[in-house]
Amino acid sequence: MEGEFEVVKKYIMTPGPTPISEEVLLEHARPLMHHRSPEFSKIFIEVTEKLKKLFKTKNDVFILTSSGTGAMEAAVTNFFSTGDKVLVASVGNFGERFKKISSRFNLEVISLDYEWGDSANPEDIKKVLVDNPDIKGVMVQFSETSTGAINDIKAIGNIVKNYPAILIVDAISGLGASDLRTDEWNLDVVAGGSQKALSAPTGVAFISISDKAWKLNEKSNLPRFYFDLAAAKNYSQKTPPQTPWTPGISIIVAMNRAIDMLFEEGLEKVFERHRILALATQKAVEKMGLQLLVKDESKRGFSVTSIIVPDGIDAKELTKTMRVKYGVTIAGGQGKLSGKIIRIGHLGYFGMFDSIIVISALEMTLKELGYKFEVGSGITEAERIFMENNYLND
Ligand SMILES: *Cc1c(COP(=O)(O)O)cnc(C)c1O
């Protein structure tokens, strides 16, 4: 295993970017359209409408040309003023990112920090809001991709709606994998990205904005230019609707097909598929004697599984062997979990045999690295769960 390119067939099994279907890749490869042409306009309007359906919202949804972090930055810079107090409920590396962006733009950050692998407790958020009625915004992840935990956004929305603060949800890896209801759950700002559960090319983010958030936007003085959502709104009201700057045209064209595929499968079935993929992956690695980072089953999301690297195994060697020898790319830990966990993404254009591939590669790699377990125990368990859940037959 000297060279890096011995394996011909390769698999991306990370929690973003995710595998892209041939259908979406073909759309991505269409000849470039001009972004002010009627041809693109039609697609742009369609994608925006479809995103609203995916977000389950009547609010404005804007497409930004950036990775997901751009939408997080837009969520921070468009609604507050210098020195405003915001609450970040942080359960992992992406919660930390909200803190960093907020501090960089001179907001006063109050943070609720949870152990990585845990979820935010909505009652804690309520307590902080009661004690600090001047908080202008609450920021939280839906699916925390660095740990695999999911937050109870419905319960948090039910609390924050009673306060002046707006609720900002980073749903970048959760949207399209787990049910999220922007309007029903009172979510003021929701951020999503093209390269996670949508399984579209990387480089486009989206953001929804409620009336409550627009009111704050009018008074907000933080510096912004590229991510000025009032400019996005202004251009969206032109005939035909447009973006202020040149968008990721080909990505948006590809997204049109990617979102259609979710609706053709049916959103409920999409979420059920993700639930079963997560369950199979989690039960399989537990059968192999491995420990999951998220101990409480009810706090595990459907997008990604974080596994604690067993004693005596080097995390970097594990991921490298999987990638170089077996062609399977998974992710390592982020931030303080670097070297301590590995993460398997099972979201987007992902089916049960993809799970079998990644579990099989993990088994062969662990065996080679000297971990003691019964080879085949993981895939056997995954197969059992797929058969039990009638996955194929409905
Ligand atoms: C992927 C992701 C992001 C954004 O990361 P980018 O690399 O900027 O796309 C933000 N939050 C969560 C929860 C994510 O999974």
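The values are calculated or read from the model by the stated rules, or taken from the named source; none is laboratory data. The structure presented is a predicted model; accordingly, all values stated were derived computationally and were not measured. Reconstructed Cβ throughout: ideal geometry from the backbone, glycine too, with neighbour counts over all protein chains shown. The protein model used for the area step is the full one, side chains on, heavy atoms only, and it has no ligands, DNA or RNA in it. Shrake-Rupley method; radii C 1.70, N 1.55, O 1.52, S 1.80 Å.
On the basis of being under 21 Å from the mean Cα position of the chain (by Cα), closer than 22 Å to A149 by Cβ, away from the ligand (no atom under 16 Å from the Cβ) and part of a loop (DSSP other than H, G, I, E, B), does R275 make the cut? Considered against the rule, which asks whether it is under 21 Å from the mean Cα position of the chain (by Cα), closer than 22 Å to A149 by Cβ, away from the ligand (no atom under 16 Å from the Cβ) and part of a loop (DSSP other than H, G, I, E, B), R275 comes out as no. Can you confirm whether region 366-377 contains a residue that is under 27 Å from L54 (Cβ atoms) and in the same structural domain as G289 (by TED's automatic domain parsing)? There is no residue in region 366-377 that is under 27 Å from L54 (Cβ atoms) and in the same structural domain as G289 (by TED's automatic domain parsing). Would you check if S208 is buried (at least 24 other Cβ atoms within 10 Å of the Cβ) and either on the phi < 0 side of the Ramachandran plot or away from the ligand (no atom under 13 Å from the Cβ) (or both)? Yes, satisfied. Condition check: of a type in the set (K, R), within 16 Å of the ligand (Cβ to nearest atom) and either part of a helix (DSSP H, G or I) or in contact with a Ser or Thr (Cβ under 8 Å, 6 or more places away or on another chain) (or both). Does K196 satisfy that? Spelling it out, K196 is indeed of a type in the set (K, R), within 16 Å of the ligand (Cβ to nearest atom) and either part of a helix (DSSP H, G or I) or in contact with a Ser or Thr (Cβ under 8 Å, 6 or more places away or on another chain) (or both). For region 78-124, a tally of residues being closer than 26 Å to N221 by Cα and either among the aliphatic types (A, V, I, L, M) or out of contact with any Ser or Thr (no Cβ under 9 Å at 6 or more places or on another chain) (or both) returns 16. Just one residue in the set V61, V24, V7 is of a type in the set (A, V, I, L, M) and either within 16 Å of the ligand (Cβ to nearest atom) or assigned to a loop (DSSP other than H, G, I, E, B) (or both); that residue is V7. Of all residues in region 223-242, those that are open to solvent by less than 10 Å² (accessible area, probe 1.4 Å) and assigned to a loop (DSSP other than H, G, I, E, B) total 0.
Could you list, in sequence order, all residues of region 149-181 that are assigned to a loop (DSSP other than H, G, I, E, B) and within 16 Å of the ligand (Cβ to nearest atom)?
Scanning region 149-181 gives N151, D152, A171, I172, S173, G174, G176, A177, L180.
The set of residues in region 76-98 that are buried (at least 19 other Cβ atoms within 10 Å of the Cβ) and away from the ligand (no atom under 11 Å from the Cβ) comprises V76, T77, N78, F79, F80, D84, V86, L87, V88, A89, S90. Being within 16 Å of the ligand (Cβ to nearest atom) and at negative phi is a description that applies to E144. Can you tell me which residue within region 31-56, out of those that are closer than 24 Å to L262 by Cβ and in contact with a Ser or Thr (Cβ under 7 Å, 6 or more places away or on another chain), is surrounded by the fewest Cβ atoms within 10 Å (Cβ to Cβ)? Across region 31-56, the extreme among qualifying residues is K56. Annotation for region 124-135: no member residue is assigned by TED's automatic domain parsing to the domain that holds F79, within 23 Å of the chain's Cα centre (by Cα), within 16 Å of the ligand (Cβ to nearest atom) and crowded, with 23+ Cβ neighbours inside 10 Å. Considering the conditions (1) touching a Phe, Trp or Tyr at 6+ places or on another chain (Cβ under 8 Å); (2) surrounded by fewer than 24 Cβ atoms within 10 Å (Cβ to Cβ); (3) within 17 Å of D170 (Cβ to Cβ); (4) of a type outside the set (S, T, N, Q), L112 is excluded by exactly one of them, (1). Screening I159, I166 for residues that are aliphatic (A, V, I, L, M) and open to solvent by 10 Å² or more (accessible area, probe 1.4 Å) leaves exactly one candidate, I159. The sole residue among W214, W245 that is open to solvent by 40 Å² or more (accessible area, probe 1.4 Å) and among the aromatic types (F, W, Y) is W245. Report yes if R384 is open to solvent by 20 Å² or more (accessible area, probe 1.4 Å), in contact with a strand residue (DSSP E or B) (Cβ under 6 Å, 6 or more places away or on another chain), over 30 Å from D113 (Cβ atoms) and assigned to a helix (DSSP H, G or I), otherwise no. No.
Within region 256-301, the set of residues being polar (S, T, N, Q) and assigned by TED's automatic domain parsing to the domain that holds A197 comprises N256 only.
A residue that is closer than 23 Å to T18 by Cβ and not acidic (D, E) cannot be found anywhere in region 120-135.
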